[in-house]
Amino acid sequence: MHDATLPNGLRLLVEPSHASRVVAVQIWVRVGSADEGPDEAGLAHLHEHMLFKGTASRGVGELASEIEAAGGEINAWTSFDQTVYHVTIASRELDVALDVLADAVRHSTFDPQELEREIEVVIEELHRGRDQPARVAGEMLFSGLYRRHPYGRPVIGTLDSVRSMTRDKVLRFYDRWYRPGNMTVVVAGDVEPARVEARIRELFDGDSAPVARPARPVEPPLDEVRVAVQRKDIQETHLFVGWSAVPLADPRTPYVDLLSVILGAGESSRLYRRVKRELERVNDCYALSHTPNDPGLFAVGAQVHGDGVLDALESLLETSLAVRDGVTDDELEKARTIILSEQVYLRETVDGMARRLGYFASTVGDVGFEDAYYRAIREATVTDVAEVARQLLKPDALVITALLPSESAPDCTESAIRERLERVCGPAPTPSVTPGEPELVETVLSNGAKVVIREDRTVPRVAIRAAAIGGLLAERRQTSGVGHLTSQLLVRGTRRRSAEELVELCDAMAAGLGGISGRSSLGLSGDFLQAHWDRGFDLFMDCLLEPTFPEAELERERRTALEDVAARKDSPTTMVFDRLAEAIHADHPYSLPVLGHADSLAALTRDEIERAWRTQLAPSRTVVAVVGAVDPRQTLRRLEATLGAAPPG
């Protein structure tokens, strides 16, 4: 294997193999989604799309067509840590592959129109991803484990972040990361290393500026049990149990991989044999070991059909945790054989050879790591595997996620999952929070309500908001103003309190309590002094979950709204704004005024008000945020006991 580093920092790896007249060329750029800034989510992946969309010397489509005309294949992928561009082609066309890939990574022009098109392509990819249960379940697992580290974000980005992409932002990212010193070129196949190096030196001449690589946020050690439950219109449950694991460079990585194979690779693995074949509790089950640049993830997972999700979870946990007591020699030998055979299979193709070299070089910087890794696999003992299982598979420091069908397994709630975990592992210790240290809690309640809680003791007060997509966005011309009226009536009477009692209680606590209605949302807002937070929480939940919309209060609020609508005619600026909204938005709800029209307000009934509340503020659609001088864990328990106990819809 030929290993050379150019003066500008670019690394070249060439592995000749003359078994067939084929060559694989790969350019590994050491930037992935984990290197993106807070406002750059998805940029690395967008570059993967854009680098084949034209350069200074090749127009849109010419890069791919030139490779395909030479009988080759061109593609790319993006991960947390790398972006990789690759071509497989007949070795006689090596120069074409090198020239095209070098042109793409060094001279892309990022045509504005093509950028707009590719942004739409990525947005469609995001939408499709929402329809892929396995992908959604995987994102739940990663976001549950990584709260600070960017591994918790989807590689592809989010709808908001992708829509915010601009050509200037793309160019800044490209100029910063796409430098020779941040690349590794890997060539494997029917080639002569000296000839390859000479051509690479021509194509990548100059540009020796180093890449400034900021430190990534460090994920604190996982010291608690985290549970997330979501429901979706799907056919079977996707279940995961995950633990913090090691980075690739950790000397324990070979033992972690052996553990993964013993637990969940193949029909003779522990999970498959016990949970699927003997107990028949899952459709499929498996284990995975993810060892990237930074500390990774170890997980076991299953697909479950029907209502036996909690039983399946119990079996997954029991079988996985039992491996801490040891593995057999036969299990170890089988796992060793499987992993060593993968090394052989990778060497069967030039693509596999190139990918192996590029991965080790870009992740740990040392292609010799591969030899050390496989040597450790060959020399591993049952003691090594059992010890790493005891270190990683902690019953009191794990993440459990469940993506369930909307109508299936109604008993599978967060509290039920925690009870089942306690049955298997015993009571978990109460997690501690360092006094004075702000803590952020993000989770999903058992009925789908999303919760964000941030402890902030700067001042002795607490703010709470509950909101869902709706408001004006959910209205038609006939129901114009229903969102505004609904928001006002949320605090005008509940099953336990009249409007007058609510007002008196708020005044006595110097609290603020009111509805939220805007162009895109409907919700409830509360602000309380820390001393009154307990009473304020009860008051807030009463208004959110049990409003009664009394007829007398409806008529009172209707009169006020009609007066406000009439008063708008006294403001030329307001009138012009209303006309502008009608002209721009046409038949879209944004053409309507938030307050409503006089005729629609006059016709609205109590049933329509209640329907707006029930449909828009259903717990499964609602996000609750609490910020202030609170105990996040205690607040989360109260939310689960109140909001979480409500039906999802």
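The values are calculated or read from the model by the stated rules, or taken from the named source; none is laboratory data. The shown structure was predicted, so the numbers you read here are calculated from the model rather than taken from an experiment. Quick reminder, even Gly has a Cβ in these numbers, built from the backbone with ideal geometry, and neighbours come from all protein chains shown. When the accessible area is computed, the model is the full protein with side chains, heavy atoms only, and any ligands, DNA or RNA have been set aside. Shrake-Rupley method; radii C 1.70, N 1.55, O 1.52, S 1.80 Å.
Hey, any hits in segment 62-74 for a residue that's open to solvent by 40 Å² or more (accessible area, probe 1.4 Å) and either in contact (Cβ under 8 Å) with a residue 40 or more places away in the chain or outside any helix (DSSP H, G or I) (or both)? Yes, segment 62-74 has at least one match.
You will find that of Asp39, Asp99, the residue that is touching a residue at least 40 places away in the same chain (Cβ under 8 Å), open to solvent by 30 Å² or more (accessible area, probe 1.4 Å), out of contact with any Cys (no Cβ under 7 Å at 6 or more places or on another chain) and part of a helix (DSSP H, G or I) is Asp99 and no other.
Among the residues of segment 481-530, those that are polar (S, T, N, Q) and part of a helix (DSSP H, G or I) comprise Thr486, Ser487, Gln488, Gln530.
The residue that is nearest to Ser91 (Cα to Cα), counting only those in segment 1-14 that are assigned to a strand (DSSP E or B) and open to solvent by 30 Å² or more (accessible area, probe 1.4 Å), is His2. Annotation note: Cβ proximity below 8 Å between a residue of segment 148-173 that is part of a helix (DSSP H, G or I) and a residue that is modelled with pLDDT of 90 or more and among the hydroxyl-bearing types (Ser, Thr, Tyr) (sequence gap 6+ or interchain) occurs for Pro150/Ser33; Gly152/Ser143; Gly152/Tyr146.
Taken together, the criteria place His45 among residues that are in contact with a strand residue (DSSP E or B) (Cβ under 6 Å, 6 or more places away or on another chain), in a helix (DSSP H, G or I), in contact (Cβ under 8 Å) with a residue 60 or more places away in the chain and within 27 Å of Ile156 (Cα to Cα).
Specify the residue that is least open to solvent (accessible area, probe 1.4 Å); the eligible residues are those in segment 534-587 that are more than 35 Å from the chain's Cα centre (by Cα) and under 30 Å from Gly628 (Cβ atoms). Applying the filter and picking the extreme gives Phe549.
Selection over segment 599-647 of residues that are open to solvent by 70 Å² or more (accessible area, probe 1.4 Å) and under 19 Å from Ala449 (Cβ atoms) gives a count of 8. Suppose we filter segment 347-387 for residues that are open to solvent by 70 Å² or more (accessible area, probe 1.4 Å), under 23 Å from Gly32 (Cα atoms) and at pLDDT below 90; how many remain? Final tally of qualifying residues: 1.
Checked against (1) open to solvent by less than 70 Å² (accessible area, probe 1.4 Å); (2) without any contact (Cβ under 8 Å) to a residue 60 or more places away in the chain, Arg176 passes all but a single condition, namely (1). Is it the case that segment 170-182 has a residue that's among the polar types (S, T, N, Q), farther than 19 Å from Val84 by Cβ and more than 24 Å from the chain's Cα centre (by Cα)? No, segment 170-182 contains no residue that is among the polar types (S, T, N, Q), farther than 19 Å from Val84 by Cβ and more than 24 Å from the chain's Cα centre (by Cα).
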